[in-house]
Amino acid sequence: MKVGIIGLPAAGKTTVFNAITGANAEVHAFSGSTSNEPNMGIVPVPDERQDWLNGLYKPKKNTWATVEIVDVAGMVPGSAKKHGFGPDLLASLRQVEALVHVVRAFTDPSVPHPDGSVNAFRDAELMELELILADLAVIEKRLDKLDAESLKKKGPEKLAAEKEKEILAKFKNVLTNEQPLRQIELSEDEQKVVRGYTFLSQKPLLLVTNIDESEISKEDSDTLTKLKPFAESKGAPLLSFCAKTEMEIAQMEPADREEFLTALEITEVGREKLVRAAYELLNVIPFFTVGEDEVKAWTIVAGTIAQEAARKIHSDIARGFIRAEVAGYDALKNCGSWNAAKDKGLVRLEGKEYVVQSGDCINFRFNV
Ligand SMILES: Nc1nc2c(ncn2[C@@H]2O[C@H](COP(=O)(O)OP(=O)(O)O)[C@@H](O)[C@H]2O)c(=O)[nH]1
Ligand SMILES: [Mg+2]
């Protein structure tokens, strides 16, 4: 489960990366320098439900859900239009399942903007267009190839090629209207055809406006308000974040951090909000296994049934699945303990087909 950070040079991508991973990768005030090696990190996904479960069980071990974050290097404006994103960049981007677009909104004059001025709306639109153009290039190439091939093909092969052409033509139409693919509803058939592609504008996208330090404790930053309609029309959630301050917070000693957060009246560390938003972008939910040995969050795609959730833990548990004992998080919390929940009849016995819900605490019974 990888999430890629994209954005114009000097928008603050690496600063955001450092803020959420606590790493110390090199940041650059001037664009155009730097290696093309992406920075990578695996970060735990904070969840206050899990905090509570840890308080209840005091387990020997606690295991958070995680997401992998990649700070993709080599983003240059206009590159998709002129000659496509570079091959290294494309390769990195195709591998991620979701995108976090860092849009510059901080005004710091000591950091030059590649376009000469700070304009978050323009940049957000520009990047969206880059993704669209990159997809369009892929589709046009493929359509040419399919045209040539379908002349030679017969029977079911020809039908398959025609079907693919039809879908690609539909996509092309959306893209030429400068719309991303992420909002198109696909039939199962269409999904199958498209699965082999890794369209960039189809990946879920989170817009992060990198705001000025002075805006950090504001409920809604000015840029956020300005970008809201755009984000909504593109099906992209939106968050404001002050990368520079958040990076400093991430690199502080815990005691200093507390003091600093209180002084700035920050109640929730931005990094936690951002990591959770990135996780949610992937259309996944956590369920928990609990006990005195370990409290652990497991990540599944929303809509996963109990037997498949069990497979995450071990294939034997899925194979020998008998029942899932499930206590919803709220029920467990309200009752105060597993046994109290059981006494009230709030620990349910669910079968294979039960659709697991976010925050379910599950004990699988199995027999192999
Ligand atoms: N004032 C201010 N400067 C920032 C902020 N975020 C990043 N910067 C600075 O902008 C420059 C570019 O940041 P960097 O993370 O290297 O951008 P990247 O090219 O997108 O990876 C660096 O000098 C950062 O210190 C911010 O929130 N406020
Ligand atoms: Mg960078």
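The values are calculated or read from the model by the stated rules, or taken from the named source; none is laboratory data. Note that the structure is a prediction, hence the values are computed from the model and not measured. Counting neighbours? That spans all protein chains shown, and the Cβs are built from the backbone with ideal geometry, glycine included.
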Next item on the list: Identify the residue in region 167-213 that is over 18 Å from LEU99 (Cα atoms) and among the basic types (Lys, Arg) and, among all such residues, is surrounded by the most Cβ atoms within 10 Å (Cβ to Cβ).
Entry: LYS172
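To keep it simple, each residue is scored yes or no on (1) more than 17 Å from the chain's Cα centre (by Cα); (2) without any contact (Cβ under 8 Å) to a residue 40 or more places away in the chain.
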| site | (1), (2) |
| --- | --- |
| LYS203 | no, no |
| SER214 | yes, yes |
| ASP220 | yes, yes |
| PHE230 | yes, no |
| SER233 | yes, yes |
| PRO237 | no, no |
| PHE241 | no, no |
| ILE249 | yes, no |
| GLU253 | yes, yes |
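Might you let me know whether region 138-146 holds any residue that is in the same structural domain as PHE17 (by TED's automatic domain parsing) and in a helix (DSSP H, G or I)?
Here is the first cut: in region 138-146, the ones in the same structural domain as PHE17 (by TED's automatic domain parsing) are none.
The answer is no; no qualifying residue exists.
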Next item on the list: Please find, within region 324-344, the residue that is surrounded by the most Cβ atoms within 10 Å (Cβ to Cβ) out of those that are more than 32 Å from the chain's Cα centre (by Cα) and not in a helix (DSSP H, G or I).
Entry: SER337
Notebook entry, point to check: Could you list, in sequence order, the residues of region 228-266 that are away from ligand 1 (no atom under 16 Å from the Cβ), under 23 Å from GLU128 (Cβ atoms) and surrounded by 15 or more Cβ atoms within 10 Å (Cβ to Cβ)?
Noted result: PHE230, ALA231, LYS234, ALA236, PRO237, LEU238
Check: Condition test on THR304, is it in contact (Cβ under 8 Å) with a residue 40 or more places away in the chain and closer than 17 Å to ARG365 by Cα?
Finding: no
Check: Give me the pairs: first residue in region 1-18 and in contact (Cβ under 8 Å) with a residue 24 or more places away in the chain and part of a loop (DSSP other than H, G, I, E, B), second residue polar (S, T, N, Q) and within 8 Å of ligand 1 (Cβ to nearest atom), beta-carbon distance under 6 Å, and six or more apart or on different chains, which are they?
Finding: PRO9/SER31; ALA10/SER31; GLY12/ASN210
Check: Limited to region 330-365, what total is found for residues that are without any contact (Cβ under 8 Å) to a residue 24 or more places away in the chain and of a type in the set (Asp, Glu)?
Finding: 1
Note to self: Quick test of your reading of the structure: ARG142 fulfils all but one of (1) touching a residue at least 24 places away in the same chain (Cβ under 8 Å); (2) of a type in the set (Lys, Arg); (3) closer than 27 Å to ALA236 by Cα. Name the failing condition by number.
What the structure shows: (3)
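Which residue out of VAL118, VAL76, VAL138, VAL96 is modelled with pLDDT of 90 or more, surrounded by 16 or more Cβ atoms within 10 Å (Cβ to Cβ) and within 12 Å of ligand 1 (Cβ to nearest atom)?
Details: VAL76 fails: modelled with pLDDT of 90 or more; VAL138 fails: within 12 Å of ligand 1 (Cβ to nearest atom); VAL96 fails: within 12 Å of ligand 1 (Cβ to nearest atom).
Among VAL118, VAL76, VAL138, VAL96, only VAL118 is modelled with pLDDT of 90 or more, surrounded by 16 or more Cβ atoms within 10 Å (Cβ to Cβ) and within 12 Å of ligand 1 (Cβ to nearest atom).
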Check: Of all residues in region 196-245, how many are of a type in the set (A, V, I, L, M, F, W, C), touching a helix residue (DSSP H, G or I) at 6+ places or on another chain (Cβ under 7 Å) and under 21 Å from GLU272 (Cα atoms)?
Finding: 11
Next item on the list: Grab the strands (runs of 3 or more DSSP E) fully contained in region 180-296, keeping just those with 1 or more residues being among the β-branched types (Val, Ile, Thr).
Entry: 205-210, 284-289
